[in-house]
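Chemist: The structure is given below, and queries will be raised subsequently.
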Amino acid sequence: MRFSKIVVLFFYGFAIQTLSAQQLDSVAVNRQVFQVSPELTYSYKAPKMWDMFRFIPTDLYELGKFTVQKENLKWDGLALGSTLVILPYDQKLIDESGKLGEQWGWTNESLHYKRILGLEVVPTSISSAVYYISNGNTTLLLSGFFYAVGKIGPDDYRALNTSNELIEALISVGITTQTIKRMTGRQSPFAATQDGGHWTPFPSFTAYSSDTPNYDAVPSGHMATWFATFTIIGENYPEYKWIKPVGYGLGGVMALNMMSGKVHWASDYPIAILIGCVMGKNIAQRRIVKTNSADPLLKPKKTTFNTRYNFNRILNTNVVGATITF
């Protein structure tokens, strides 16, 4: 359980620091402004419960739009290229990580949980604890954590929006990864009947639901959800520099854990990471209005003008005129 305790301790400290040092510049009826750096402020509207559901079609559209935009082709290429490069080595990587996992007790057989009220919710080993925090429950718990932070004292719109965004990400990422899984139909390592797993594109709904491990390897929904989660938190709280490195680093530990337990192939991860990062960033940025005092486009323009004096005589009277040009 040590791994899950580390995650809890990180966010316990984060909560204390947020509640004690948070800079809330102004509170308006419909918007709050937060100072996230000397030059940068984020402002948020009060969130609505329905927001976590009504933006899901937009999330799916924006992910598709991202993949076809010219400036983003390098990221598409990196994800697809990494997948293709890793594919031939998948079986060897699984075998080697399995040997390493046996030394640490990270095996598929160790992924067991104690039941509470009929639900398997208590990990029985370090391996099952690591796997447990990556299966969506951590995202739900963090959503509850930010909701609690947002409701302690005056409503904190940033924390409450973050809570909503995490639920939205869980649903949107789930729809995306499940769609791709049902299109690719790759066997999970523990169910594989050949090296690298067999591929059955577009399996029937009956086949998929009755024998899911034979078709649901790529992409990793666990990894996509994890990266979306920490991307959202990091985007909303940029002043806490440790969030993304710690979150993404723990994602690497989870990747190894799932490989040693024969849950995922290494090549299941690159596309999942792309999905998680893109969706997480889009979901978070949609609700943030940024004001950067260091941005010349946002600075008030200085008024410049030229003054030209004229001397004239009108009706036998000397007069002085001035022409001001802005």
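Taken together, the values in this text are just the output of simple stated rules run on the coordinates, not laboratory data. Predicted model, so just to flag it, every value in this text is computed and none were measured. Neighbour counts are summed over all protein chains in view; Cβ atoms, including those assigned to glycine, are modelled from backbone coordinates with ideal geometry.
Chemist: So how do 147-155, 263-271, 212-220 stack up, highest first, on mean other-Cβ count within 10 Å?
Modeler: Packing order, densest peptide first, comes out as 263-271, 212-220, 147-155.
Chemist: My understanding is that a pair violates if its Cα-Cα distance is over 24 Å; which of Lys65/Lys281; Lys48/Lys151; Lys181/Lys244; Lys70/Lys241 do that in this structure?
Modeler: Lys181/Lys244; Lys70/Lys241
Chemist: How much length, in nm to one decimal, is gained on full extension between Glu71 and Asp195, taken as 0.36 nm per residue of separation minus their Cα-Cα distance?
Modeler: Using 0.36 nm per residue and subtracting the Cα-Cα distance, I get 41.0 nm.
Chemist: Another one. Taking the highest mean first, how do the peptides 177-186, 30-39 order by number of other beta carbon atoms within 10 angstrom per residue?
Modeler: 177-186, 30-39
Chemist: With a 10 Å radius around each residue's Cβ, average the other Cβ atoms per peptide and rank 251-262, 57-68, highest first.
Modeler: So the peptides 251-262, 57-68, ranked by packing, come out 251-262, 57-68.
Chemist: Determine the sum of side-chain charges near Lys45: Lys and Arg each +1, Asp and Glu each -1, restricted to other residues whose C-beta is under 12 angstrom from that of Lys45.
Modeler: +3
Chemist: Using alpha-carbon pairs under 8 Å, 6+ residues apart, how would you state the relative contact order of segment 184-285 in percent?
Modeler: Relative CO of segment 184-285 lands at 34 percent.
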